Amino acid sequence: MKRAFSALFTALPFACITGLAQAHPHVFVDTGFILHLDEANQITGIEVTWAYDDFYSLLIFEDMLLDSDFDGALTDAELNQLQGFDLNWDEDFLGDVYLSDQETPIALGRPEHRATVVKDGRIATRHYRALSAPMPAANAKLQAYDPTYYTAYTTSLGVKFVGGSCAASVTPPNLDQAYTLVEELLYSLPTDQAEEAYPEVGQSFADTIKITCPAT
């Protein structure tokens with residue numbers, strides 16, 4: 001697993017499976033965004049919400065010795081221990097969030113923890129990432145994906161705005177094309193390289209968020 005949220009992530013086995021089945025994700029995350037805009041409809045920062053699937057949340061509880069009564073809820077002390085657990089990133093980890101301005105990648109700052117909650121046995125976290133300089137929101141593109149597709153992100157929690165007067169549209173991926181690409185790339189690799197050189201196809205499975213703003 002290439003992302004480094006915490007020691008837990010590095011401890012989990014990387015479940016490599018040869019063939020097309022290897023493209024199936026192992027962690028599922030409901031994702032939401034809040035874009036912060038200034039008066040000129042420029043993006044100044046992005047809040048990212050990750051709601052982890054039930055099974056992965058359970059793995060977190062077990063690894064961190066939380067929820068000892070197995071009721072899917074945490075005490076205040078346990079919840080405090082969980083704060084920021086998924087923000088211990090390697091320097092080269094981009095946070096699985098990609099912002100671009102007319103196809104030009106825009107760097108996002110390091111994450112700032114905002115909230116961690118547990119509801120119905122699922123962990124949901126929210127963090128903020130500032131831009132080094134405001135960028136026009138009009139025609140911006142935003143995607144959430146793990147290049148290795150170990151983790152699957154779905155923009156099921158929506159896109160909201162703080163300030164400005166822009167709107168967002170979410171286009172789901174073409175899964176037929178995505179799996180065809182995986183198959184073609186895997187079959188182009190020698191069998192002994194299929195595991196180590198597994199192609200980075202996560203973007204092909206990502207929702208695409210595009211921002212539109214009124215003409216000025």
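The values are calculated or read from the model by the stated rules, or taken from the named source; none is laboratory data. This is a predicted model, so every value here is computed, not measured. Glycine also receives a Cβ, built like all others from the backbone with ideal geometry; neighbour counts cover every protein chain displayed. These accessible areas exclude ligands, DNA and RNA; they are computed on the full protein's heavy atoms, side chains included. Shrake-Rupley method; radii C 1.70, N 1.55, O 1.52, S 1.80 Å.
Okay, here's what the table says:
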item: Residue in the range 129-139 that is part of a strand (DSSP E or B), closer than 26 Å to residue 63 by Cα and open to solvent by 60 Å² or more (accessible area, probe 1.4 Å) present; result: no
item: Some residue of the range 136-148 being within 12 Å of the chain's Cα centre (by Cα), of a type in the set (A, V, I, L, M), closer than 24 Å to residue 110 by Cα and modelled with pLDDT of 95 or more; result: yes
item: Residues of the range 143-180 satisfying the condition of being crowded, with 16+ Cβ neighbours inside 10 Å, of a type in the set (A, V, I, L, M, F, W, C) and in contact with an Asp or Glu (Cβ under 9 Å, 6 or more places away or on another chain); result: 144, 152, 157
item: Subset of the range 1-57 that is touching an Asp or Glu at 6+ places or on another chain (Cβ under 6 Å) and surrounded by 14 or more Cβ atoms within 10 Å (Cβ to Cβ) - its residue that is modelled with the lowest pLDDT; result: 4
item: Residue count, the range 53-72 (criterion: under 10 Å from residue 118 (Cβ atoms) and touching a helix residue (DSSP H, G or I) at 6+ places or on another chain (Cβ under 9 Å)); result: 5
item: Subset of the range 58-94 [open to solvent by 40 Å² or more (accessible area, probe 1.4 Å), among the hydrophobic types (A, V, I, L, M, F, W, C) and closer than 30 Å to residue 136 by Cβ]; result: 94
item: Residue count for the range 107-128, restricted to those that are open to solvent by 40 Å² or more (accessible area, probe 1.4 Å), within 17 Å of residue 46 (Cα to Cα) and in contact (Cβ under 8 Å) with a residue 40 or more places away in the chain; result: 2
